[in-house]
Amino acid sequence: MAFGNPDFDLFQLPEEHEALREAIRDLSEKAIAPYAKEVDEKARFPEEAREALVASGFNAIHVPEQFDGQGADSVAACIVIEEVARVDVSASLIPAVNKLGTMGLILAGSDELKAQVLPSIASGEAMASYALSEREAGSDAAAMKTRARKEGDSWVLNGSKCWITNGGQSTWYTVMAVTDPDKGANGISAFMVHKDDEGFVVGPLEHKLGIKGSPTAELYFENCTIPADRIIGEEGTGFKTALATLDHTRPTIGAQAVGVAQGALDQAIAYVKDRKQFGKTISQFQGVEFMIADMAMKVEAARLMVYTAAARAERGEKNLGFISSASKCLASDVAMEVTTDAVQLFGGAGYTTDFPVERMMRDAKITQIYEGTNQIQRMVMARALLR
Ligand SMILES: Cc1cc2nc3c(=O)[nH]c(=O)nc-3n(C[C@H](O)[C@H](O)[C@H](O)COP(=O)(O)OP(=O)(O)OC[C@H]3O[C@@H](n4cnc5c(N)ncnc54)[C@H](O)[C@@H]3O)c2cc1C
């Protein structure tokens, strides 16, 4: 065994990833950050962010080259989401949910269906969403009630989905529905539904604690009729596809969490170096120094785990359950801790909307809840360990 490689590059991102970070950070600071406060206050879609991301090709960099995309690897997708989330978590849901809404198709769909959907996502003409959750089937998603029945050359969907990110903004929806109620999770299939399909209705939006710029909608399927070839993969494989999707996208939620934590840390560092009490900057008090050190230490650890999870998904490793759940769970817990500490370090100012840290703290909370709550992530991890 030979060690001592002079070009030692373990644990170092390749140059192109660093260049990508520089480009997306620059874009985020110039074209996304200036609107983040208003987007949150008005709970409006971050249209400026969408336009800027599309204009620079960062809206869906994961789409394979074969389907007119950039074919970027999973770590690159995480870097884009992380850097956008550093300034505005709502806007980071544009690239994140474009990936979530198309990953099932990429993993299990036919080439014809991919060709129908993916080029429009890559170009930014369309966005995609992922519709698994229902009002009575959240953590227990396999208990879903939405039905799909084959009728001639069509599938007919009936039921409703809730909490669907970018509902109403997206053109394409990956929808999981029961095709055989006697088979439990093996009786669920996945479909691509288009916003103009007959019987597809977008319901009202939720009023939320954070990510107020990201619309969260109910979807209704009222004899929604779609062509038979819009099924993703074989009948009965939809739940497996939905879970395999999450193996690939939970690290992107981790990236979002790392991004908002880094954003809050950067804000806190600038503030404590400026704010004076007792005749000196508060950065000179050891109680503050230790908080900053702990915050940065946690962000660094979370980032490494997120990139590891993304790289393992990219390499096509099997059994991603533990690492993808661990990366999302650790990073989102870190995001909640770090953003809360950032508010603390701003004192009273941190509790006002004059500074972005209160928004970041509200936005961070969702990363512990969606794509499976952190209790569910711990369940997935434990099952993988104890199997
Ligand atoms: C803003 C937002 C955006 C979302 N976007 C999407 C989307 O785009 N697509 C989509 O399909 N879904 C989406 N979701 C849904 C999200 O994934 C679910 O809310 C989440 O999985 C939890 O389901 P639930 O809300 O029904 O909570 P419940 O399942 O009712 O859970 C309530 C509490 O019980 C705990 N719990 C449940 N079961 C267990 C258990 N076995 N052991 C221990 N604790 C348990 C949970 O951890 C939680 O603390 C979104 C949700 C929100 C709030």
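The values are calculated or read from the model by the stated rules, or taken from the named source; none is laboratory data. A quick note: this is a predicted structure, and the numbers were derived from the prediction, not measured. Please note: Cβ atoms are built from the backbone with ideal geometry, for glycine as well, and neighbour counts cover all protein chains shown. For the accessible areas, the whole protein counts, side chains as well, though only heavy atoms, and no ligand, DNA or RNA atoms are used. Shrake-Rupley method; radii C 1.70, N 1.55, O 1.52, S 1.80 Å.
Points to keep in mind about this one:
- Computed per residue of the chain from DSSP H runs no shorter than four, each worth -39500 (n - 2.57), the mean residue ellipticity at 222 nm is -17000 deg cm²/dmol.
- The string of couplings for the stretch 103-109 from the Karplus curve (6.51, -1.76, 1.60, θ = phi - 60°) is 5, x, 4, 5, 6, 9, x Hz, one whole number per residue in order, with x for Gly and Pro.
- Cα-only radius of gyration and Dmax that characterise the stretch 28-67, units Å: 12.3, 40
- Shown are Phe278, Phe285, Phe67, whose ranking by accessible area with a 1.4 Å probe and every protein chain present, most to least, is Phe278, Phe285, Phe67.
- Applying Stokes-Einstein at 20 °C and 1.002 mPa s to the Kirkwood radius of the stretch 239-386, computed over alpha-carbon pairs, gives a translational diffusion coefficient of 134 µm² s⁻¹.
- Relative contact order [Cα under 8 Å, 6+ residues apart], the stretch 129-215, whole percent: 28
- In nm, spacing of pseudo-spin labels at Tyr351 and Lys42 (7 Å Cα→C-beta vector): 3.0
- FRET efficiency, Thr373 to Arg315 (Cβ-Cβ, R0 25 Å, nearest 0.05): 0.35
- The stretch 347-361 and the stretch 1-76 have Cα centres lying 26 Å from one another.
- The stretch 328-342 and the stretch 233-286 have Cα centres separated by 6 Å.
- Each peptide in 90-101, 23-34 was scored by the mean count of other Cβ atoms within 10 Å over its residues; highest first, the order is 90-101, 23-34.
- The Cα atoms of the chain define a convex hull whose projected area, averaged across directions, is 21.5 nm².
- Compared with the dominant Cα axis of the chain, that is its longest principal axis, helix 111-123 is turned about 30°.
- Inter-label distance, Glu29 to Leu385: 4.0 nm, where each label sits 7 Å from its Cα along the C-beta direction.
- Fraction of beta bridges assigned by DSSP in the chain that are antiparallel (%, nearest 5): 85
- Excluding same-chain neighbours fewer than eight residues apart, the aspartates and glutamates reachable from Lys298 by a Cα-Cα span under 19 Å are Glu82, Glu83, Asp266, Glu289, Asp333, Glu337, Asp341, Asp363.
- 18 Å Cα-Cα threshold exceeded, pairs from Lys42/Lys212; Lys30/Lys365; Lys99/Lys328: Lys30/Lys365
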